[in-house]
Amino acid sequence: MCDTMVALGNSTKDGVTLFAKNSDRQPNEPHILIRIPRKKHEHNTKVKCTYIEIDQVPLTYEVLLLKPSWIWGCEMGCNEFGLNIGNEAVFTKESYGKEALIGMDMVRLALERCKTSQEALMLIIDLLEKYGQGGNCGYEKPFTYHNSFLIADSNSAWVLETAGQYWAAEKVKDVRCISNCLSIGNKFDLCHPDLIKNAVDKGWCKSEKDFHFARCYSEPIFTHFSGSRHRLTACSSILEENKGNITVDTMKKILRFHEGRVDKNPFEHSSLKSVCMHAGFLFGDHTTGSYIASIHDKLPTYWITGSSTPCISIFKPYWMLDEDEFFFEESEEHLALEYWYLREEFHRMILENRIQNLDSYMQKRDEIERELSQEVSELDFDNPNTNVLKSIMKKAMEQEEKLILDTMAQNGNNPAKIRGNPYFRYYWKKQNKKLRSKAQSLNILYH
């Protein structure tokens, strides 16, 4: 489960396109940050994706990937040209195919090979038609689905929604959100040549006049119980209400949104209807990573948590500079895992009600974010000073890690007591035991 949104420059306060996404996955699944440089490839080589090999291209662009640790592709990411893409699980009436490309593979392939949203749209359509989509995307238990995509560059954005081999695409005019449901109706800009005929042949509509993509192709049960329509409505409402004045803080507010039922005590309830998703139910997912992109033409700025649960996390600014010392190469996966596991242990301590000074932590978190936002707002984006950018990133990383480690140390001896209904308590006891066992097996230490 996930939510992805975009506000084009005609809808933001500073005229810069904003893109944001929460990645909702199984709660013990590490969501890591990997940066891959531009690479040249020999003629007639192949690239191994999550399940299948496909033809490699002569040149792949530099990318920053936010990804499940075991998946080749990514949930969301960007490239050296400021292209940003996120994908969503959607549930449709079309059958699920054999192992092929998964949606996350398509995201990475498009980031590595394309410069603009239009190019990425056409590439993903081509990949879908050439290789198909299919394969398990679940970490600890099987989970298969079809995919939708939100694709954005500094000037334009597209929504692409798929159902098996079929698809429809809509060009974004101002603001747009996608979630775990088909959202394109009877108005779209491009589609599979047999999209409507297939629906008519299968009896999902009577004619082209009666055709509505989401109504015809949606699988109703999984779509309903995913809570996606509630989240889609929440995201869309906030963007519409703030249209013309949308900022990075607006995107943070959306990514941290809890539905009213759990807003006061989000660590005692599960909720599939919250954009900041909290697990604790039989098939519930959890927000394992969050990301905001301010896609400035000359200096795209990325606000990244590198951790689960955005309602407690710090969004830190990041720029794709040369000689980057703050994020991880593919060969440094162990360091990337350590980074995520440390912040996840802090989240589990909050769930166990061991953090007695959480209000104090949250105040300091907000202070750090305000200071970072102020420093970023004062930058000269047309002539940025690389040393200044690196100093801001270093400060953000150091302040966040110090706050987390200090808070954990101050509360490390407090007894654990998970609150909530019996199943919620059982669920998180089991998840916490498995998480810590896995961290121990990887020789990851928290202190």
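The values are calculated or read from the model by the stated rules, or taken from the named source; none is laboratory data. Because the structure is a prediction, the values reported are computed rather than measured. Because the Cβ atoms are built from the backbone with ideal geometry, glycine has one as well, and the counts that use them run over all protein chains shown. To get the accessible areas, we keep the full protein, side chains included, count just its heavy atoms, and leave off ligands, DNA and RNA. Shrake-Rupley method; radii C 1.70, N 1.55, O 1.52, S 1.80 Å.
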By average C-beta atoms within 10 angstrom, highest first, the peptides 261-267, 206-212: 261-267, 206-212
The chain: DSSP helices with Cα axial extent of at least 30 Å and average Kyte-Doolittle hydropathy no lower than -0.5: 386-411
Sites GLN363 and ALA409 - FRET efficiency at Förster radius 25 Å, r taken between beta-carbons, to 0.05: 0.85
GLU129 accessible area, assembled protein chains, probe 1.4 Å, Å²: 110 Å²
Residue among LEU379, LEU83, LEU66 with the largest mean-square fluctuation in a Gaussian network model of the chain, springs linking Cα atoms under 10 Å: LEU379
Proximal charge balance of ARG231 [Cβ under 11 Å; K/R count +1, D/E count -1]: -2
Efficiency of FRET between LYS13 and LYS402 - r from beta-carbon atoms, R0 35 angstrom, step 0.05: 0.65
Formal net charge of residues neighbouring ARG38 (Cβ-Cβ distance under 10 Å; K, R +1; D, E -1): -1
Cα-projected label distance for GLU378 with ILE221, points at 7 Å along beta-carbon direction, nm: 5.8 nm
Sequence ranges 229-238, 18-27, 142-151, ranked by mean other-Cβ count within 10 angstrom, highest first: 18-27, 142-151, 229-238
Correct option for P(r) over Cα pairs in 20 Å bins from 0, in percent [calculated from the coordinates] among [x] 24, 56, 20, 0; [y] 23, 47, 22, 7, 1, 0; [z] 26, 59, 14, 0: [z]
Prolate/oblate/rounded label for region 8-78 (Cα gyration tensor, a/c 1.5): oblate
Difference of contour (0.36 nm per residue) and Cα-Cα distance, LYS202 to ASP322: 37.9 nm
Exposure ranking of SER308, SER154 by accessible area [1.4 Å probe, largest first]: SER154, SER308
Nitroxide proxy distance, nm - points 7 Å out along Cα→Cβ at ASP189 and ASP297: 1.9 nm
Added length on full extension, which subtracts the Cα-Cα distance from 0.36 nm per residue, ARG370 to LYS173: 67.9 nm
Per residue accessible area in Å² of the chain, where ligands, DNA and RNA are left out and the probe is 1.4 Å: 42 Å²
Order of exposure, largest accessible area first, which applies to LEU239, LEU405 with probe 1.4 Å: LEU405, LEU239
Most mobile listed residue (GLU398, GLU80, GLU338) in the chain, GNM with C-alpha springs under 10 Å: GLU398
Gain upon complete extension [LYS93, VAL388; 0.36 nm per residue less C-alpha separation]: 101.0 nm
Mean Cα-pair separation over length for the chain, i.e. relative contact order, pairs under 8 Å, 6 or more apart, %: 17 percent
Computed [θ] at 222 nm, helices only, for the chain once each DSSP H run of length n ≥ 4 contributes -39500 (n - 2.57): -11000 deg cm²/dmol
